[in-house]
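In what follows, a structure is listed as structure tokens, so that the remarks can point back to it.
The values are calculated or read from the model by the stated rules, or taken from the named source; none is laboratory data. Predicted model, so just to flag it, every value in this text is computed and none were measured. Cβ atoms come from the backbone with ideal geometry, glycine included; neighbour counts cover every protein chain shown.
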2 protein chains.
Amino acid sequence: MSGRGYHHGNLRNALLAAASELVRERGARGFSVSEAARRVGVSSSAPYRHFPDRDAMLAAAALTGFVELEERFESLPVVQTFTDTAAHIAAEYVRFAREDPSRFEMMFAHGIDKSKHADLLQQTFRVQERFEAALAQHLQPTESIRRYSAELWSIAHGAATLAIGENMQHLVPDTQISELASSTATAWAQGITEASGS
Amino acid sequence: MSGRGYHHGNLRNALLAAASELVRERGARGFSVSEAARRVGVSSSAPYRHFPDRDAMLAAAALTGFVELEERFESLPVVQTFTDTAAHIAAEYVRFAREDPSRFEMMFAHGIDKSKHADLLQQTFRVQERFEAALAQHLQPTESIRRYSAELWSIAHGAATLAIGENMQHLVPDTQISELASSTATAWAQGITEASGS
DNA sequence: CCTCAATGTGAGAGCTTTACACATTAGAGT
DNA sequence: ACTCTAATGTGTAAAGCTCTCACATTGAGG
């Protein structure tokens, strides 16, 4: 079942696990196919039976990150207002990013060509749909839900990336970034609801 | 003066220029010290007389990006309201990012250790101060200007990074991301002004 | 004019990705 | 049960990268 014989038996998954671990330890740039293979105990060319190249391996690891992110929002508690919903989503998003900053970085690494890894884009889309579903509960169907979810995503994503890039240290303590995101989302949501009177 | 003799004469700057060009062409991950040296016409070890390592070279190139970004906001036209100011800043930020996505990516690459490159953090801070100065014109001195500028930065940065990471293609056409950022900022600013009655 | 600190070179150690020929084995068919 | 094949793992090696070190060259100050 596990690493015994000539054939590993579950190499693809073992490599993905090792990759995630490596990324957490050394960051997305510190990851190498060789090291992942070494940790799993196979030769350095074995991974290429399962992934066409290094980027594909990272993309597959990133995919698992997006799946976890989606699950995270599946179980998001239902709250009363549009504003509170937006605030909760933004805060949760930042919390996810801060839990494992390197994984988050990898998930959105610009090096990964989305057009070459359609499954990644697909899963990104599913996360997006969670946002839409949550917001839709408090909006009229005629309103531009898609647009709003994109805007909310921007807010959450900006706070998350600036935080884990250590760009906000002198402005806001790291532990309060989640709160920053939720208050940004709150103001944004109020601007919307007061304007359109929803 | 230029690349003639044994000594180049201006190698450091020439390397930085080559680095920026390389990053624009091949992305931050496609950059290599060797290739930059090759383009400038020096041996592959020459750059190490001017930069301790690859990351330092990238950080120095990123620094020039931040300087340009600051200049960009220095000449930002003064507008009437808090809301319009926020909208203009966000839109301009996204425009900057989209002009040379790879450079923008490099500027915020998580691989660069900000604590090791204090000048970078310093310059980031100066950009931040531009934001504050612009917003301050429309706020009472008692209001938390720093906090607001951090929130606005989040909004702009989120839209910019999602856009250049090709994560928004199915939601909003790339050409409209700048408009997305400005309308997000608008809602946010209205939420703030209507709440506090400024 | 002379020297020395700064700057560039060449060779090379030790990584990495990836291709390719070859070895091994699980499991489908008979 | 037995075979054969496709899938999976190995070993080697080419090409390229980062970075070090001893050595070469030269501009500028004394």
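At a glance:
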item: Test for B:L16: is it within 13 Å of DNA strand D (Cβ to nearest atom), over 30 Å from B:A185 (Cβ atoms) and either surrounded by 18 or more Cβ atoms within 10 Å (Cβ to Cβ) or in the same structural domain as B:I155 (by TED's automatic domain parsing) (or both); result: no
item: Elements of type helices (runs of 4 or more DSSP H) in region A:30-103, at least 3 residues being in the same structural domain as A:A181 (by TED's automatic domain parsing) and of a type in the set (S, T, Y); result: A:82-99
item: Given (1) farther than 26 Å from A:G191 by Cα; (2) crowded, with 20+ Cβ neighbours inside 10 Å; (3) among the small types (G, A, S), index of the condition A:A87 fails; result: (1)
item: Lone qualifier among A:H117, A:H157, A:H138, A:H88 - being in contact (Cβ under 8 Å) with a residue 24 or more places away in the chain, closer than 23 Å to A:M57 by Cα and of a type outside the set (S, T, N, Q); result: A:H117
item: Some residue of region A:68-88 being modelled with pLDDT of 95 or more, more than 29 Å from B:H110 (Cα to Cα) and more than 14 Å from chain B (Cβ to nearest Cβ); result: yes
item: Some residue of region A:59-74 being within 12 Å of DNA strand C (Cβ to nearest atom), out of contact with any helix residue (DSSP H, G or I) (no Cβ under 7 Å at 6 or more places or on another chain) and without any contact (Cβ under 8 Å) to a residue 12 or more places away in the chain; result: no
item: Residue check, B:E92 over 19 Å from B:E179 (Cβ atoms) and away from DNA strand D (no atom under 16 Å from the Cβ); result: no
item: Residues that are within 7 Å of chain B (Cβ to nearest Cβ) and closer than 24 Å to B:P173 by Cβ, drawn from region A:180-198; result: A:W188, A:G191, A:I192, A:A195
item: Conditions (1) over 22 Å from A:E129 (Cβ atoms); (2) at the interface with chain A (Cβ under 8 Å from one of its Cβ atoms); (3) assigned to a loop (DSSP other than H, G, I, E, B): number failed by B:S154; result: (3)
item: Residue match in region B:135-156 (condition: farther than 21 Å from B:T81 by Cβ and assigned by TED's automatic domain parsing to the domain that holds B:Q80); result: no
item: Extreme residue, farthest from A:S178 (Cα to Cα), among residues of region A:104-127 that are within 11 Å of the chain's Cα centre (by Cα) and assigned to a helix (DSSP H, G or I); result: A:L120
item: Yes/no for A:R95 being touching a residue at least 40 places away in the same chain (Cβ under 8 Å), crowded, with 16+ Cβ neighbours inside 10 Å and touching a helix residue (DSSP H, G or I) at 6+ places or on another chain (Cβ under 7 Å); result: no
item: Residue among B:L58, B:L76, B:L69, B:L16 that is among the hydrophobic types (A, V, I, L, M, F, W, C), under 27 Å from B:A160 (Cα atoms) and touching an Asp or Glu at 6+ places or on another chain (Cβ under 7 Å); result: B:L76
item: Residue list for region A:26-56, filter: more than 10 Å from DNA strand C (Cβ to nearest atom), away from every other protein chain (no Cβ under 14 Å) and either free of Cβ contacts under 8 Å to residues at least 12 places away in the same chain or surrounded by fewer than 17 Cβ atoms within 10 Å (Cβ to Cβ) (or both); result: A:R39, A:G41, A:H50
item: Matching residues, region B:163-179, being in contact (Cβ under 8 Å) with a residue 24 or more places away in the chain and facing chain A (nearest Cβ under 7 Å); result: B:I164
item: Criterion: touching a Leu at 6+ places or on another chain (Cβ under 9 Å), more than 10 Å from chain B (Cβ to nearest Cβ) and not small (G, A, S) - qualifying residue of A:R147, A:R130; result: A:R130
